[in-house]
1. Probe radius 1.4 Å, ligands and nucleic acids ignored: give me the carbon and sulfur share of the accessible area of the chain as a rounded percent.
2. Using only Cα atoms, find the angle between the long axis of helix 107-118 and the longest principal axis of the chain, and express it within 0 to 90 degrees, rounded to the nearest 10.
3. Just one of (1) 21.2; (2) 20.7; (3) 18.2 is Kirkwood radius over Cα pairs in Å as worked out from the coordinates here. Which one is it?
4. May I ask for the angle, rounded to the nearest 10°, between helix 77-95 and the longest principal axis of the chain, with both axes built from Cα atoms and the value confined to 0 to 90°?
5. Counting only the heavy atoms of the protein chains, how much of Ser185 is accessible to a 1.4 Å probe, in Å² to the nearest 10?
6. Between Asp120 and Glu88, what length in nm is gained on full extension when 0.36 nm per residue of separation is reduced by their alpha carbon distance?
7. Mind telling me which of Leu205, Leu17, Leu30 comes out most flexible in a GNM of the chain, alpha-carbon contacts under 10 Å?
8. Per residue, what volume in Å³ does the convex hull of the Cα atoms of the range 19-79 enclose?
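The values are calculated or read from the model by the stated rules, or taken from the named source; none is laboratory data. Since the model is a prediction, treat every value here as computed from it, not as a measurement. SASA here: full protein model, heavy atoms, side chains in, ligands and nucleic acids out. Shrake-Rupley method; radii C 1.70, N 1.55, O 1.52, S 1.80 Å.
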Amino acid sequence: MSIKFLAEDDRPREKFLLKGKNSLSDSELLAIIMGSGSRDETAVELARKILASVNNNWHQLSLLTIKDLIKFKGVGEVKAISISTALEIGRRRAAQEIPEKPQISSSKDAYNLLKLHLADLRTEEFWALFLNQNNKVLHVAQLTQGGINQSIVDIRILFKTALEHFSTGIIISHNHPSGNLKPSSEDITITKKVKEAGELMSIQLLDHLIITQNSYLSFADEGLL
C-alpha cells in the first residue's frame, strides 16, 4: 500500500505542503526521507516501526549503521543511506553556529554593505536590503539591472520579495556610474512611489542610497524621504 492510497491528512508530502513542516510527526518526516514503504506497510508505518526500535529518539537512530537499517523489511541500501544522510545533515547543522545578521543603525552601515555590490559597476543596478523590526538584515537582493543611465524599478517585485522574507523595513539603493551623487527627478519619483506603496503594506522605506565608487548620498540623511 503506497502513500497515494492514504487519506489526504495521512500523506506526508501533501501534509507538508498544506500545513507546513511543523505539522508533521517524526514518523511522517522519516517516511518522506524513505520515499516508500514495503509491500505490507506504508512508509509511515515502516517509519513508525523503525523509530519505535530506538525509543523514538533521533540520536539513537543516528547510531544505527546501514547494516542495522536494512534489517527492517522494506529498507534497502538506498533507503538506509537516505536515512543516514539526513541524520548526518542534521548533526552538521546542529554543530554550526547561526550566523549573526548584520544590523543597520545608520546610512553608513547600509552603505558599507551595499558598496560591495554597487560601487564599481559601469551600469546602473537597483538593490535592496530587507530588514526585520530590529533593523537586522534578513535578505539582500539585486532587483533590476539597467542601462548606462537608468535602472527601472519594479515595485511589485520589490514588495513581493519583502513579503516573502517577512520584512518590516527596506532600504533601496542604486549606483550612479557617472560619479554624480545628485538625485535625478526619476530617483525622487521612484523613492516617493516606493514609500507610498510601503505605507499601504506596513513596510517602511527606511532609506534610499545613491552609491558612487567613493561615496554615497542618503535620502534619509538629506531629509528627502
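1. Working: 7030 of 13700 Å².
Accessible surface attributable to carbon and sulfur in the chain totals 51 percent.
2. 80
3. Given (1) 21.2; (2) 20.7; (3) 18.2, the calculated one carries the label (1).
4. With rounding to tens, the tilt is 50 degrees.
5. 90
6. On the way: separation 32, 0.36 × 32 = 11.52 nm, distance 4.13 nm.
Going from the current span to full extension adds 7.4 nm.
7. For the chain, modelled as a Gaussian network with Cα springs under 10 Å, the answer is Leu17.
8. Value for the range 19-79: 82 Å³ per residue.
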